[in-house]
Amino acid sequence: MFWTMAFACFAAAAAGVGGRAAHHIAERWAFEAAGLAVVRVLAADNLADLGAAERALAAAPDVAAARSLTAERAAALLQDQTGAMVSPGDLPPLRLIEVDLKPGIDPGAERRLERALSDQGIAADVLLPGPAPETERTIRIVRFAATAGAAFVAAIMAAIIGLAARALAHRRRDYVTVMADLGATRARASGEVGQEAARSGLWAGLLGAAAAGVAAVGGLFMMRPSETVLHLMTTLSAIDFAPLLLVPALASLVAGAGARASAARQFMRAARLG
Amino acid sequence: MSQYATPSDADAAGALVVRLEGVSAGYGQTTVLSNLHFEAEAGAMTFVVGPAAAGKSSLVNLLRLALPPRGGRAEILGADASRLSMAQRARLKQRIGVISEQPQFVEHWTTFENVALPMKIAGRKDSGVADDVAELMAYVGLNTVSDEPVGRLSAAERRRAAIARALAAKPDLIVADEPTAGLSPDAGFRVMRLLEEMSRVGAAVVILTQSEHLADDMPGALWRLEHGRIEPLYQDEPYAEPNW
């Protein structure tokens, strides 16, 4: 029963991690489709600050080229994005740098660019223009499919964990029957069986999630041998770890509740005949 | 007959611990026990003799509060058995020791753990639990298999473990279904002696058996159960000294 639950937890965690991976791939796609970033230099008092930022960006590993954004270029970009005519003379003084990114750069580049600037004592925001509407729609579909797929797999695995917990309760039927005969309450007898299953679910969840985490990292390094742990950390966010953290907790809850309900039914059968 | 007992005074010798008035009970569509009138007193042994399929197991289930009465009035340890909440039923069951013909145990637990379980359910956590259980097990001759999983015991050893467990929580009512079946004459003698001692300290002991001579030399009342109907045969005074 434990190994069934552990496998189900592994599958659920792997599906969750897979969903997050699909999300990242979609994000990278959107990023690559845009191909450029705009850096807004904060509190730049003079052109010298802007020049320092431009040099720092040009030296950053993710950047193909960096140049200050002229009013003409800004007006053209705005016209592309909004479709409205913009006169360069109507724009305020700009403290923006247009950055061409190297191909294959991931969304973690945003944070790396900001860090490259802050290392030079320059406070700046990195702005990523969105992809074209069609690309955006496709990306949204990919993200939804990934999330729905992960949720579907997780639901099936939860059902398997629930069945495994029922099997555990069935194996404890002698205990439940004896407890009913000897005058224990239903809550106590089924609660003890539920707690045992919940503990089992927690350990199975931890094991399954750890295995899924190791498999995900291993798979990533196999597909991208040039990947480094440091680089990986800049591309991951807290939510990427959610499947690995949620699976043990949910497995424990589902197993505990399933076993408790099953033991409660056994208790009722044993306690009251006729 | 003495006055009716309440749970608080059920251990007073002579008080009624079980009173069935016109009780019927059964399973599904089948009625097994019909119009039963029966009594058992605190501090006395009550024998119910009957052939196979007479309804003895159903009477055991009725007395251990597992089989609800369908009609009549069943008062057990001062409570109306047909009007108990689940919590009340559970509390009352803790005061009833049952020795069934085929006792159920937690098979992978040791004999000691099984015998100590009623004390655990009753909330006893004091250091005296181990001593009390060890004493009981020694008395029924199970001290050598104390640490064995109960699943490995022989049928006779299981019966003795069931007896020890039934007596562990010092119940007010003991219901024993064929308590000496499968035991050697010496072991059977010791079991009957133990049950008789329990009645001396105030418990009502109800023994159901096919063997009429089990009651021959014992003090107490004798009833006959046949075809789901019961009738009293005779009644001794409680505490009469046994001849055996």
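The values are calculated or read from the model by the stated rules, or taken from the named source; none is laboratory data. Because the structure is a prediction, the values reported are computed rather than measured. With ideal geometry, Cβ positions are generated from the backbone for all residues, glycine too; neighbour counts draw on all protein chains shown.
Values as computed for the structure displayed
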| item | result |
| --- | --- |
| Qualifying residues in region B:48-64 (those that are buried (at least 17 other Cβ atoms within 10 Å of the Cβ) and of a type in the set (A, V, I, L, M, F, W, C)) - the one nearest to residue B:212 (Cα to Cα) | B:49 |
| Close pairs from region B:145-164: first within 15 Å of residue B:181 (Cα to Cα) and without any contact (Cβ under 8 Å) to a residue 40 or more places away in the chain, partner not in a helix (DSSP H, G or I) and not acidic (Asp, Glu), Cβ under 6 Å, at least 6 apart | B:155/B:182; B:156/B:182; B:156/B:183; B:160/B:140; B:160/B:142 |
| Filtered residue count, region A:115-171, keeping only those that are in a helix (DSSP H, G or I) and over 22 Å from the mean Cα position of the chain (by Cα) | 20 |
| Number of the exception - residue B:59 against (1) within 12 Å of chain A (Cβ to nearest Cβ); (2) assigned to a helix (DSSP H, G or I); (3) among the aliphatic types (A, V, I, L, M) | (1) |
| Region A:65-83, residues that are modelled with pLDDT of 80 or more, small (Gly, Ala, Ser) and not in a helix (DSSP H, G or I) | A:65, A:66, A:68 |
| Residue among A:204, A:165, A:215 that alone is surrounded by fewer than 16 Cβ atoms within 10 Å (Cβ to Cβ), touching a residue at least 12 places away in the same chain (Cβ under 8 Å) and small (Gly, Ala, Ser) | A:215 |
| Condition check for residue A:248: under 30 Å from the mean Cα position of the chain (by Cα), of a type outside the set (Lys, Arg), in a loop (DSSP other than H, G, I, E, B) and over 30 Å from residue B:170 (Cα atoms) | no |
| One residue from A:263, A:184, A:197 being in a helix (DSSP H, G or I), within 14 Å of chain B (Cβ to nearest Cβ), touching a helix residue (DSSP H, G or I) at 6+ places or on another chain (Cβ under 9 Å) and more than 28 Å from residue A:146 (Cα to Cα) | A:263 |
| Qualifying residue in region B:131-150 (condition: of a type in the set (D, E, K, R) and either in contact with a strand residue (DSSP E or B) (Cβ under 7 Å, 6 or more places away or on another chain) or modelled with pLDDT of 90 or more (or both)) | yes |
| Qualifying residue in region A:92-111 (condition: part of a helix (DSSP H, G or I), touching a residue at least 24 places away in the same chain (Cβ under 8 Å), aliphatic (A, V, I, L, M) and in contact with a Leu (Cβ under 9 Å, 6 or more places away or on another chain)) | yes |
| Considering residues of region B:82-114 that are over 21 Å from the mean Cα position of the chain (by Cα) and closer than 25 Å to residue B:155 by Cα only, the residue nearest to the other protein chains (Cβ to nearest Cβ) | B:107 |
| Selected residue [over 12 Å from the mean Cα position of the chain (by Cα) and on the phi > 0 side of the Ramachandran plot] from B:43, B:71 | B:43 |
| Qualifying residue in region B:26-47 (condition: within 10 Å of chain A (Cβ to nearest Cβ), surrounded by fewer than 19 Cβ atoms within 10 Å (Cβ to Cβ), at pLDDT below 90 and part of a loop (DSSP other than H, G, I, E, B)) | yes |
| Among the residues listed as B:66, B:53, the single one being within 14 Å of the chain's Cα centre (by Cα) and either assigned to a strand (DSSP E or B) or without any contact (Cβ under 8 Å) to a residue 24 or more places away in the chain (or both) | B:66 |
| Strands (runs of 3 or more DSSP E) fully within region B:115-229 counting 1 or more residues that are surrounded by 16 or more Cβ atoms within 10 Å (Cβ to Cβ) and within 14 Å of chain A (Cβ to nearest Cβ) | B:173-177 |
| Residue match in region B:65-74 (condition: at pLDDT 90 or above, under 13 Å from residue B:166 (Cα atoms) and either surrounded by 19 or more Cβ atoms within 10 Å (Cβ to Cβ) or of a type in the set (A, V, I, L, M) (or both)) | no |
| Some residue of region A:17-31 being in contact with a Pro (Cβ under 6 Å, 6 or more places away or on another chain), crowded, with 18+ Cβ neighbours inside 10 Å and modelled with pLDDT of 80 or more | yes |
| Qualifying residue in region A:202-216 (condition: closer than 26 Å to residue A:185 by Cα and in a helix (DSSP H, G or I)) | yes |
| Residue check for residue B:97: assigned to a strand (DSSP E or B), out of contact with any His (no Cβ under 8 Å at 6 or more places or on another chain) and under 21 Å from residue A:179 (Cβ atoms) | yes |
| Selection from region A:168-179 of residues that are facing chain B (nearest Cβ under 8 Å) and in contact (Cβ under 8 Å) with a residue 24 or more places away in the chain | A:177, A:179 |
| Unique residue being out of contact with any His (no Cβ under 7 Å at 6 or more places or on another chain) and more than 14 Å from chain B (Cβ to nearest Cβ) when the list is A:159, A:189, A:146 | A:159 |
